[in-house]
Structures are given as structure tokens and as C-alpha cells.
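A.B. asks: Take this structure first; my questions come after.
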Ligand code: FAD
């Protein structure tokens, strides 16, 4: 399928779609976040918003997506879709996209989404912007830019209508030193994977959930289509820290280096009195002080808790990318010029080993 002309692009008017990831029949939080964000985009475009749900016996969890803004949910149900396989999910998704022609497709940048998104985009001959942190709708002002900077034929550029509306996707680039804004004007659907935890979940509305339409598209999937077989699903032995869902995150940085064990213990105590969890900068993960699931930042998790405490963290741009939208940021650092103070609501300049016990004591006695 080629979308490489404006007539073909115009056929892609099937609304905005969100791939709604579920595991073992439980919807992943990123599905609700993307439906909530997709609603805003669809309203701006005057389009419909649909979830795309694959799995086995998953129809029962589909309507919940309506409560966060989906007009309808395409449900592809098959025992062969019970567990995620790249080949099975890719085939079904590409088949239904070819049939129903959505103008845009959003996918959570989870382990599954990062595998699935590029594979589907390649099969559909369209573009994908990976790991987005912001989405918007753009009215094109880029014809002159395309003429000067691209190898597209002039006739092709002229065929772009001034009132074409595109998904505008923003993601960190060059190691997080700049934010790149990307549009996909010539291909449909425009596809994006979006970092979990970045988009805010809307309030749930039961009436909208009840009104949500369930659509069962025709698709075919047989064992012959699957080159892989899931033999067993083994749950992680250790419970991973739930940074994204936490209301309070107390993170430690390289500032704990003079007493790593003591520093982590202080963070744990502070997290406990505040009812939160412990996170860390990449320096603490690279040093082996905390496991990778604790990492906050561009290559870790994106969090926006009610309270984020940064203990001995300098505030590098890649760390800030993962926590700067927190409601209240409290930073403890012995260097008064540390960049973390630029975004902190409360900054304490001092030694974290002296300040943190005082904070714990004050909260306990408050
Ligand atoms: P440092 O920058 O070394 O800061 C330590 C701070 O502790 C200093 O400000 C110091 O003043 C303070 N301090 C020292 N002792 C004390 C004390 N006793 N009391 C109080 N303060 C004290 N980083 C991330 O965090 N997350 C990411 O996802 C991430 N992704 C990256 C991706 C790329 C492509 C690249 C290039 C880098 C990435 N980084 C990431 C690394 C990032 O650039 C920084 O190197 C890292 O965040 C620094 O961690 P830090 O603040 O703990 O350490």
C-alpha cells in the first residue's frame, strides 16, 4: 500500500486510533492516558476517536475506554492473540488499518509498543515518530521548507493543501538537548509511540463508557501466520517499583556517593513517611546502587507526582525531562548553583545527610 499521493491520503479519514495495550486481560495505564490525549486531538480535528484492542476474551474491558473519551473500540478477539507476539499483532493491526484507514495511530512506548509500532509503520509504508512527549495538531506552513530542504518532487509539494491538518509530534533529540517537532505530511496513518506517564488521564465518565460503541472488525489470523509461539509467561520475581503511579517520589543522585547505603536508607525513610516510592538519577543506576526500574528521566521513567524530592541530584536536562512536570519539586543539594534549583518549588541548599533526617523528623512530628 502506498499513501504517496494526496488522493490516497484523503481516504484515511477513519479517525484517530489508539492501540490499547492489555496484559492478561488488564488494561495498561498508558491506554487510558492515550485515549484521554487522543480525545483532545480528535476534538481539534473534528474526528472520531477509537481504541484498538487485541487479545483473547477482552471485550469486557473495552467499554471502560469510552469512559476516558473513546467514541468506539475496535475489538479483535482471538485465542491466538492471548499473548503478545510481534507477527500476530502486526498482521491483525495492519489488516484492520488497511480496511478502516485511520488518519493517526497512537501507541504507548512500552516494551510492546516499541516493538510493535515500527513494525506496523514499515508494513504500512508510513512514518512513525518514536518516544513522543507532546502531541498537537498542526496546520501546515511548511511548503517553503519542503521546497528548500527535501527531495520531494515540486508537483508533490504543490499537491499539499494549505488546510491539511497534521499530527504534530514532539520528542527529545540529540541526547535530550533539544526537542524536535515532527510532522508526517505525506503518509497515513501518521504514527507515534508516546512515553508512558507523560499524558494525563482524564476523569472517568460512566455515561460515556456506557455509550461507547464496540466494533468487531473482520480479520483473519491462523497459526500459519505465527512464526513465534509463547510457551510460558513468567512473572518478574521481584516487584518493580511503581514510579509512574506514585503520588510521591523521593529520588537520590550521585550526591549520596560518600555513603550509598545510608543515602538510600534516608530516601526510603523519607518516602515511607510521605507515602511514596524511591527513584534515582541515571548516575545511581549506572553505578549499580539502584535497579533500572528506579530510573527517572529521558531514558528512564517520566513521572508527574504530587511531590518529587530530589536528593543530591544536579538536575541535568535528561533528568529534568522525566520529572519537571511534577506538581511540587523539593530539591536538596549542597551546590547553590545546581540546575535543579531552577525548577524547584522549594530548594534547600545543604548536605542531604544532614537535611534529610531533619525533614523526616519534621514530617513525623507534624
Ligand atoms: P551529578 O550530576 O553528579 O550530581 C550530583 C549532585 O549531588 C551535584 O549537584 C552535587 O552538588 C550534589 N551533592 C553531592 N554531595 C551532596 C550532598 N552530600 N548533599 C547534597 N547534595 C550533594 N540522567 C538521568 O537522571 N535520567 C535519565 O534518564 C538520563 N538519560 C540520559 C540519556 C542520555 C542520552 C544522556 C547523554 C544522559 C542521560 N542522563 C540521564 C545522565 C545525565 O546527563 C546526568 O549525567 C545525570 O542525571 C547526573 O546524575 P546526578 O544528578 O545524580 O549526578
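A.B. asks: Taking all pairs of distinct Cα atoms, average 1/r, flip it, and tell me the Kirkwood hydrodynamic radius of the chain in Å to one decimal place.
C.D. replies: The answer is 22.3 Å.
A.B. asks: Could you line up 17, 289 from fewest to most neighbouring Cβ atoms inside 10 Å?
C.D. replies: Placing the least packed residue first, the sequence is 289, 17.
A.B. asks: With a 10 Å Cβ neighbour count serving as the proxy for reagent exposure, in which order, fewest first, do 125, 304 appear?
C.D. replies: 125, 304
A.B. asks: Measure nothing fancy, just the Cα-based angle from helix 111-123's long axis to the longest principal axis of the chain, in degrees from 0 to 90, nearest 10.
C.D. replies: Around 30 degrees separate the two axes.
A.B. asks: Here's something else I'd like to know. Between 247, 131, 71, find the one with the highest GNM mean-square fluctuation for the chain; connect C-alpha pairs within less than 10 Å.
C.D. replies: Among 247, 131, 71, the largest GNM mean-square fluctuation belongs to 247.
A.B. asks: Same structure, new question: Report the equivalent ellipsoid semi-axes for the stretch 1-110 in whole Å, largest first, defined as the square roots of five times the eigenvalues of the gyration tensor built from alpha carbon atoms.
C.D. replies: Values for the stretch 1-110, descending: 23, 18, 11 Å.
A.B. asks: May I ask you to sort 84, 308 by Cβ crowding, counting other Cβ atoms within 10 Å and putting the fewest first?
C.D. replies: Ascending Cβ contact count within 10 Å gives the list 84, 308.
A.B. asks: Compute the angle between helix 29-45 and the longest alpha-carbon principal axis of the chain, please, reported from 0 to 90 degrees and rounded to the nearest 10.
C.D. replies: With rounding to tens, the tilt is 50 degrees.
A.B. asks: Specify, per residue and in Å³, the volume enclosed by the convex hull of the alpha carbon atoms belonging to the stretch 291-366. It would help to have the intermediate numbers written out before the result.
C.D. replies: On the way: hull volume 7.5 nm³, N = 76.
Residue-normalised Cα hull volume stands at 98 Å³.
A.B. asks: When the C-alpha atoms of the stretch 48-130 are aligned to their principal axes, what extent does each axis show, in angstrom, from largest down?
C.D. replies: So the three principal-axis extents are 31, 29, 25 Å.
A.B. asks: Follow-up question, since we're still on this one. Report the Cα-based extents of the stretch 225-366 along its three principal axes, largest first, to the nearest Å.
C.D. replies: 60, 31, 29
A.B. asks: If eta is 0.692 mPa s and T is 37 °C, what Stokes-Einstein diffusion coefficient results for the stretch 158-312, Kirkwood Rh from Cα pairs, in µm²/s?
C.D. replies: 163
Values quoted throughout were computed directly from the atomic coordinates according to the rules given, and no laboratory measurement underlies them. Everything quoted here is computed from the prediction, not taken from an experiment. Note: ideal-geometry Cβ built from the backbone for every residue, glycine included; neighbour counts use all protein chains shown.
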